[in-house]
Amino acid sequence: MRIFKGIAASEGLAKGRALVHRNAASVAEKRHILADGVASELDTFKEAVHSAKTHLQEHNTSKISKESKDILETHLMMLDDPEYIGQIEAYITTNLVCSQWAIDSVTNEMVRLLEQSKDELLRERALDFKDVSLHLIDAVKGDGQRPLESLDEDVVLIADSLMPSELFSMDKTHILGISLDGGGRASHVAILVRAFNIPTVLATGTASRNVKDGDEIILDGSYGEVYVRPDLIVAQMLDERFALWQEHEAELKKMIDLPTEMTDGHTMLLKANIQTSIEVDAAKKSGASGVGLFRSEFLFMESVELPSEQRQFEAYKQVLEAVSPKPVTIRTIDIGGDKIVKGLGIDEKNPVLGWRAVRFCLSRKDIFIVQLRALLRASVYGKLQIMFPMISGIEELNAVLHLLAHVKEDCRNEQIPFDPDIKIGTMIEVPSAALCADILAKKVDFFSIGTNDLIQYTIAVDRGNEKIAYLYQPFHPGVLRLIQMIVEKAHQNNIPVSLCGEMASDPLCSVLLAGIGLDELSMGSQSLLQVRKILRSVSFEEARALAQQALEMDSYLTINTFIREWMHDRFDHFTTI
C-alpha cells in the first residue's frame, strides 16, 4: 500500500480502478534535417498548426461551457500568435531540426520563463503553452483522438498533468476522481474540476509513476489523500469512510429544495460564490438561493487582452439568465494584491495594501466604465445586484456611486435599456469600513462581509505567508467583534448583510454566524447543503446563545475549542466525516 498526500482541490471520495495518463509520454521526436528539407518541414509545421486549430474549433462549436470556450479561444489565439509561431519556424530553419523538436524546444523555454514568475497566474499560464504544444505535436504525428475522450468503464484518473482541453473534452461520465502529480488551486484545471464536481487531489508528487493501470484506488478529495492498493485494514477503514460519505451525501441531497429554516422558524439565505458561468449548474443543484458573489475579475485574469464591453455583457447576461429569477450579485473588478492582470502595470512592493480593487478602478475609469456599461446592459436579463470591493470610506463609495450615476445617464441618452431598480452594495473587508459601517449603510442597499481580507487586515497577517499562517484566525475576538458591529450597524439602517468569505463555507462557523445575526451566507456550492443541514438542526435562540458566549471570550484558542466542542456534541456525524 502507498499513500500520496497532496492538495485537496475538489471535495468528495472516489473508489475505483486506476487509469494512468502521462502527458510526458507524448515525447517529441528529436531528428535533424538537411538544409534542402527545411521548406518541406515548414510546410509540415504549417499543416500541423492548421490541423490543431481545426481540432480546437470543433470543440468550440460543441455544447461546452462558456469558460471552456474561453480557454479554447485563448489556445486558438496562441496558435495565431506570430511571435510563438515565428519562433518555432525560426528554430526549424536555424537549427535544422524537425518541427516536433522545434515545438518542444521553443515551448519549454517559454514555460521555463513563465514558471520563474512570482505571479501565480503567469506560472499557471505555462500550462496553456504546454497544452497548445501537445496539440501541435499530436497534429504533426497525425495522432487523432486523445485517449480520455472515450472511456468504456469507470476509473480514477492518475495523471502526471492534465491540460484544460483534455479535461473538458474527456468522458467525464466515467471519471470518478482525479489525482495529478502537480497543480495548484488557482489553475484552470482546479477551477474546472470543482465546477464539474469531480473529487480531485493535486500535487501528489510521483503518484503517476508509482501507480499501474488497474490498481485499486481510494481518493479523498476532502483530505487530499490518494490510497493505492490499500491493505485490508486500511481498505476496511476507508470503505467505512466511503460508505459514511455516501450516506452523508444522500442525506444532503434531501436538503436541495428545502429552505434554510432553523427549528424555531428563523430563516437565512444561502447563496453560491462563483467565478465562472460553468459553476452555475453546481450552484443550482445545491439549491442555492442565488449567487451571492460573482468574481468578475476572472474575465480579466483569463483573457489575453482586456475583455470588451460586449464580451463582458455576454458573460454577465449568461449568468443572470441561468440563475433567474433568483438574484446574482456581481462584484466589480477586484484585481491587484495577489490577483494580477498582465499589462496593467500592477507590480508593487506591497500589493495587498496597494493599487487594487476600487482604487484601481477609480484611477482607470476607462476600464471601469466599460464594466459598468456591460453590467447595466445585462441587468434587464435577470435580477442583478452590483457590489463594490474594498471600499475604505465614504469618499471612495461616493466616487463609485457618482460614476455609476454618470454611466446610467449615458445609457439613458443612448436609449440603452437597464434595470432602474438595481440594488447596490459594498463589501466590508477593511477595518475602516467596518468602523464606519453606520455611515456607509446610509448610501447602499446591502453589505457583504469579505472575511478573507477582513481577517488579514484586522490581525495584520499576510494570509499567503506560511511563517505566520497560524495567526490567520477567523475566531479571533477582534474579527468576531467587527462582524458583530457590521451586522448591528447594517440592521440599524434597515439593510441586509451577507458574508461571502471562506468562513461562510466552514460548517464550524455556520451556527456562530447565524447567531451573530447574518442575513445571508454565500459560499462554494460544495459546502451549501452541509451548512443548510446544520442550520436546520438548531434554533436561532441556540445560535444566539452560542454567539454571545463566544463574543465574551478573550482568546481565539478558547473560542476555537468552545465552538468545536459545541458543534461536535450536536453534529458528531459531520465532524467525523
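Rule-based calculations on the coordinates, nothing more; no lab input. All of these numbers come straight from a predicted model, not from anything done at the bench. Virtual Cβ from ideal backbone geometry, glycine too; neighbours counted across all protein chains shown.
A helix-only calculation puts the chain at -15000 deg cm²/dmol for mean residue ellipticity at 222 nm, using -39500 (n - 2.57) for each DSSP H run of at least four residues, averaged over all residues. Taking every alpha-carbon pair under 8 Å whose residues sit at least 6 apart, segment 214-305 reaches a relative contact order of 18 percent.
Neighbours of V211, meaning other residues whose beta-carbon lies under 9 angstrom from its beta-carbon, give a summed charge of +2 when Lys and Arg score +1 and Asp and Glu score -1. Label sites at E247 and D506, each approximated as a point 7 angstrom past Cα along Cα to Cβ, lie 2.8 nm apart. Taking R0 as 22 Å, what's the FRET efficiency between K254 and R570 from their Cβ-Cβ distance, rounded to 0.05? The formula returns an efficiency of 0.70 here. Close amide H pairs (under 5 Å, H built 1.01 Å from N) link I274 with L293, F294, R295, residues at least 5 positions away or on another chain. Over segment 1-54, the ratio between the Cα radius of gyration and 2.2 N^0.38 Å evaluates to 2.07.
Across the chain, Cα pairs under 8 Å and at least six residues apart give a relative contact order of 14 percent. Taken over the alpha carbons of segment 215-264 as equal point scatterers, the Debye sum produces base-10 log I(q)/I(0) values at 0.15, 0.17, 0.33 Å⁻¹ of -0.55, -0.63, -1.22.
A Förster radius of 22 Å, combined with the Cβ-Cβ distance separating A39 from E83, puts the computed FRET efficiency at roughly 0.50.
Residues whose amide H lies under 5 Å from that of S222, counting only those 5 or more places away or on a different chain, are G12; hydrogens are built 1.01 Å from N in the peptide plane.
Span-like helix check, the chain: qualifying full DSSP H segments, with Cα axial length of 27 Å or more and mean Kyte-Doolittle of -0.5 or more, are 120-141, 232-253, 394-413. The mean of 1/r over all distinct Cα pairs in the chain, once inverted, gives the Kirkwood hydrodynamic radius of 25.6 Å. Here the label points at L557 and E395, each 7 Å from Cα along the C-beta direction, are separated by 4.1 nm in the simple model. Working note: Cα gyration tensor of segment 438-577, eigenvalues times five, square-rooted, sorted largest first, giving semi-axes of 22, 20, 15 Å. When each of the peptides 559-571, 44-56 is scored by the mean number of other C-beta atoms lying within 10 Å of its residues, the order from highest to lowest reads 44-56, 559-571. Most simply put, the chain has about 35% antiparallel DSSP beta bridges, counting only bridges with both residues inside it. Taking label points 7 Å from Cα along the Cα-to-Cβ direction, T206 and S308 give a separation of 5.1 nm. Between Q236 and R359, the FRET efficiency from the beta-carbon distance, with R0 = 60 Å, is close to 0.60.
Taking each of K172/K284; K284/K442; K5/K30; K212/K253; K467/K533 in turn, the alpha-carbon distance tops 28 angstrom for K284/K442; K5/K30; K212/K253; K467/K533. Rg then Dmax, both in Å and based on the Cα atoms of segment 258-552: 18.6, 56.
Once backbone amide H atoms are built at 1.01 Å from N, G177 has L157 as its partners under 5 Å, excluding neighbours fewer than 5 places away on the same chain.
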